Amino acid sequence: MLDRRAFLRNSAMAAATLAASRLAGESARSTSPHLRVIDGVKWDKAPCRFCGTGCHVQVGVKDGKVVAVAGDQQAEVNKGLLCVKGYHVALALYGKDRLTTPLLKDGDQYKKISWERAIEIITARVLKAPKGFAIYGSGQWTIPEGYAAQKLSKGGIANNQIDPNARLCMASAVTGFLCTYGVDEPAGCYDDLDTCDVCVLWGNNPAEMHPVLFSRMMDRRSRGERVTLIDIGTRRTRTTQFADHYLEMTPHTDLAIANGVMHLLLKRGTYDKDFVERHCNFRADSEPQELLGKAIDFEAFRRGLDKYTPEYVSKVSGISTTNLELLADLFGRRDLKITSLWCMGMNQHTQGTAINSLVHGLHLLSGHFGTPGNAPTSLTGQPSACGTVREVGTLAHALPGGRVVTNPEHRQQVEELWNLPTGRINSTPGYHAVKMWESFSTPSEQGGDIHTIWVQATNPGQTLPNTHKLFYPSRKLQDKFLIVSDVYPTETTRHADLILPSAMWVEKNGMFGNSERRTQQWFKMVEPPGEARDDAWQLLAVARKLYDLGFEGARDKDGRFIFHMEVAGKEIQYWDFKRYYDHNVDEYLFEEYRKFTRLKHKDLAPYAEYVKTRGLRWPVVQQKDGSWRETRFRFSEFDDNYVRKGQGVDFYHSTTKDGRAQVWLRHDQPPPEAPDEQYPFWLCTGRVLEHWHSGTMTMRIPQLRSAMPQAYVEMNRVDARRLGLVNGQKVRVETRRGALDLPLWLNGRGDPPQGSLFVPFFDETLLINKLTLDAHDPFSKQPDYKKCSARVVVV
Amino acid sequence: MTESLPPPVPVQTARLAKIGLVCVAAATVGFFSVLRDRESAQGFSEGTEATGPEVSRALSYAGLRDRSDPDSIALHQLAFDRFLSALPASMAPVSRSPEDRDAALQQRASRRAFNGAPPVIPHVVDQQAEPNCLVCHQTGMVIDGKTAPAVSHPPFASCLQCHVVASAPSGLTASEFAGNSFSSVGFAHQGGRAWSGAPPVVPHSSWMRNECGSCHGVSGRLGIRTTHPSRQSCVQCHALSADLDQRELAAGAQVVGRGAP
């Protein structure tokens, strides 16, 4: 039963001390306004650790351990429901092989070292040659962690050599938003899923990858509502089983399909003339190619689409003219609300930026934009790809709050806010992820100038494409040094020179930003195992050590430490880990970061507001009565505070500075590699429901591991029969880059059409990324993991 | 409709269509139990005009999976009628011991990571099929001595989102791993009573457990089965816990900053 006195005491304390404890970590932690104590179990809120959906869970803690998890009924995202990963998220803390002590490579062995020694080694690598010290981060970094890394890299070491794993997962979505609206991230939100009449999935399998969002939409059918689901894909999945229409396309032909639908809308005159006249400009690729392209007029746009007749598109894409007309019929109707969803299918694409802009263009051209249920919405795979990577800007070219290093005004603003001497911030962008690892794997004397990479919260040894080229060569080069902060041994730590044990999830304070612009906060609830420590602390301790050693970059223009924090006029010495939680360092970092968010109207509320809620969607704008109000429908006058009165819809960061969005003309180009006589299959890689990314956490959860214990290759039955292969047989999948033996699973989780294969990437014992291609999008630099050519050999 | 299409599915279309969506395991059991029936005297009598959901021709295994074939549908209908009739009557007396309770709770615990975690699926499922779980799990039934419990929560659309199979699909094998030291708090035991004759309060969260009969009804495990299954309104006498159901939160924490409309 609830200890009622404890509950009342907590509630009273929460109310009384919340304001006072603004910077007090320990006291803020114990006074979470959501804390409940039932039968000796303390329950508090936290966002789930896994995907970008951003469900909230209730975390039950007893005797210093997490003992249970429940769906959070107060959470608007998931309304009390979770998926199988979310229900088992607590078990991710308790794999028996957690990393608990810093380890330094010593010949073939690793020896335990102290944290002091580890920090010294890292600072020595920085001081050796600051230019070549890179940080490889993550969409799993919390917002304060990413902000600390960002400031250390751009404002301290000042070489801009920081890029995240999110480059591999949503960079094309970013460039798609930028070239269309002039500002990143979706206009709509998950509320659209509650009201749309039609949902179009572009190479997306939310039934497995974003299950809670998928069921939020599909459960409407159980209530008697009608939702038409259209699945445009290259393989039948669990999502397909729910679809009203499955449109099977030849890989890489999505551009032709989007163009074909726009062609029909123009030809039939069923596009939204009023919306286009008031809110849209037209755009096409420039020579040389630049992200923002060049202006074209409506007639040029129309002529450019002439070739995309249903017959042509059908021939290219394999989709019937009937189905193309079905799409055109739906988009041509004003009485239907249409939401598009996509994730890796469109983003991991050598024309990722182009297809992203075309789907936005289709929604703009047809006026399916800006009202509830009408939205082109990209989903993210990581819990804070939006919050940490896209908003804090932990990318090689970016500064916090949507700024870029190449813009002198932006550099000046950031230098001012960070109190840095003028000119501290480097105007040359660092290397994007693929280039960073390529440089790391290239001998210094051949121009590989990255000598050290510090990896946090990600597993590039498993998730980079074409690891034979990008990852392993560096491990044979004497002067290259790999530092990895992680929670478990991974393919990356196995090849690291220095391994640092990290605290994870509710072992630390944190904040995430999900796919619908929602910023979320949680408090530390349990201690990390052994000597594991917060990633933010690791970064700050290195910064402090640099300061102590007299490194100029660790000082602001007044000579103070760049991460100087004070409470009541007194500097706090949080770099001593024993004192790290004397105060809430997260809150300090967040409040500093928050000042950057106004420029692009991504206003964040004070930390305390996020403590109170299950997240708020930016822009969060303060009202006359002092309260903070979130925005669900961005650019729409009825909801977005920043839209000019009378505009209806206003793209107030338009690249053409006229409040209009850009509808792009983009032509389809051949993929870098396609099936041929030698390698006759398409090879697609991806995830499965049970496992999240490289399986570091989920493969240590017995229930998930039992249900999906290893990687496999899916093939069509007809192909298997032709090759004389049977279910369960071990086969060798080969590409021009590598080979991998896998069991064949016919009629498995998905069903690829003839001539294509699918292999999931979660299994660290069967590394499919030794086979994938590192070719990438020209704008976003995001590689294409979804298609390359392969062959299958009997072993 | 052209002549080449199969004849339309008769009368009970809605129910039969649902019955047609059968999971492989149940289909196989069903097929054999009906086969046995047809060989017995009562099953099929020569010269009689087949009426109702009678089977008029043998089906191949492939035919069994054909969801539009009326014979396939009828075959499954027969099987399911048998399973449903195997459920104990709601007026049948229930006698149970503390050992039965322990056994039931132990079995329950064996299928969950912790109290509140979705149970794993103890049988094979079609990894690709649209969720047809409700064919068996909507009302609950007894198949070959094994109970398929009715779902305890409202029927959400995507069952496999939360429930995964307990053991890997054939052909996939798990390698060794270091293991996991997570340990949960104990499972709910008997709810407290105000005095010896008072109805016990509900000792677990009722969130997503609106169908008490799922565990406590006539097809529930004996140890936790109600002694009075004929009474349908459980929460009339057994009080729910606001604490366990997160209802304190609703009163205490407001959703702030909610935008229009």
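The values are calculated or read from the model by the stated rules, or taken from the named source; none is laboratory data. From a predicted model like this one, the values you see are computed outputs, not experimental measurements. All Cβ positions, glycine included, derive from the backbone under ideal geometry; neighbour counts span all protein chains shown.
Annotations
- The residues of segment A:457-496 that are in a helix (DSSP H, G or I) and polar (S, T, N, Q), listed by number, are A:GLN462, A:THR463, A:THR467, A:SER474, A:THR493.
- Pair list, Cβ under 6 Å, 6 or more apart: segment A:99-125 residue within 22 Å of B:ALA178 (Cβ to Cβ), other residue in a strand (DSSP E or B) and among the hydroxyl-bearing types (Ser, Thr, Tyr): A:LEU103/A:TYR110
- On the stretch given as segment B:129-164, residues that are hydrophobic (A, V, I, L, M, F, W, C), more than 8 Å from chain A (Cβ to nearest Cβ) and closer than 25 Å to A:THR237 by Cβ total 6.
- Positions within segment A:370-400 being out of contact with any strand residue (DSSP E or B) (no Cβ under 7 Å at 6 or more places or on another chain) and surrounded by 24 or more Cβ atoms within 10 Å (Cβ to Cβ), in sequence order: A:THR380, A:GLY381, A:GLN382, A:ALA385, A:ARG390, A:VAL392, A:LEU399, A:PRO400
- Remark: pairs (first residue in segment A:614-637, at positive phi and more than 10 Å from chain B (Cβ to nearest Cβ); second residue buried (at least 17 other Cβ atoms within 10 Å of the Cβ) and modelled with pLDDT of 95 or more; Cβ separation under 8 Å; 6+ apart in sequence or on different chains) = A:PHE635/A:TYR181; A:PHE635/A:ALA187; A:PHE635/A:GLY370; A:PHE635/A:VAL643; A:PHE635/A:VAL649; A:PHE635/A:ASP650; A:PHE635/A:PHE651; A:PHE635/A:TYR652.
- At least 2 residues being touching a Gly at 6+ places or on another chain (Cβ under 9 Å) and more than 30 Å from A:PRO702 (Cβ to Cβ) is the threshold, and among the helices (runs of 4 or more DSSP H) wholly inside segment B:60-172 those reaching it are B:70-85.
- For A:ALA92, the conditions (1) of a type in the set (Gly, Ala, Ser); (2) modelled with pLDDT of 80 or more; (3) in contact with a helix residue (DSSP H, G or I) (Cβ under 6 Å, 6 or more places away or on another chain) all hold with the exception of (3).
- Residue match in segment B:94-112 (condition: away from every other protein chain (no Cβ under 12 Å) and in contact with a strand residue (DSSP E or B) (Cβ under 6 Å, 6 or more places away or on another chain)): no
- Hey, A:GLY188 more than 10 Å from chain B (Cβ to nearest Cβ) and either part of a helix (DSSP H, G or I) or over 26 Å from the mean Cα position of the chain (by Cα) (or both) or not: no
- Of the residues B:SER110, B:SER158, the single one that is surrounded by 18 or more Cβ atoms within 10 Å (Cβ to Cβ), small (Gly, Ala, Ser) and without any contact (Cβ under 8 Å) to a residue 40 or more places away in the chain is B:SER158.
- Options A:LEU127, A:LEU93, A:LEU99, A:LEU104; residue that is within 8 Å of chain B (Cβ to nearest Cβ) and not polar (S, T, N, Q): A:LEU93
- Matching residues in segment A:751-785 - criterion: being in a loop (DSSP other than H, G, I, E, B) and small (Gly, Ala, Ser): A:GLY755, A:ALA775, A:SER780
- Any chance B:SER205 is among the hydroxyl-bearing types (Ser, Thr, Tyr), within 11 Å of chain A (Cβ to nearest Cβ), assigned to a loop (DSSP other than H, G, I, E, B) and under 30 Å from A:ARG98 (Cβ atoms): yes
- Residues being without any contact (Cβ under 8 Å) to a residue 40 or more places away in the chain and part of a loop (DSSP other than H, G, I, E, B) - total across segment A:271-306: 5
- Filtering segment B:176-185 to residues that are closer than 22 Å to A:GLN729 by Cα and either in contact (Cβ under 8 Å) with a residue 40 or more places away in the chain or in contact with a helix residue (DSSP H, G or I) (Cβ under 9 Å, 6 or more places away or on another chain) (or both) leaves nothing.
- Options B:GLY213, B:GLY197; residue that is at pLDDT 85 or above, small (Gly, Ala, Ser), within 21 Å of the chain's Cα centre (by Cα) and on the phi < 0 side of the Ramachandran plot: B:GLY213
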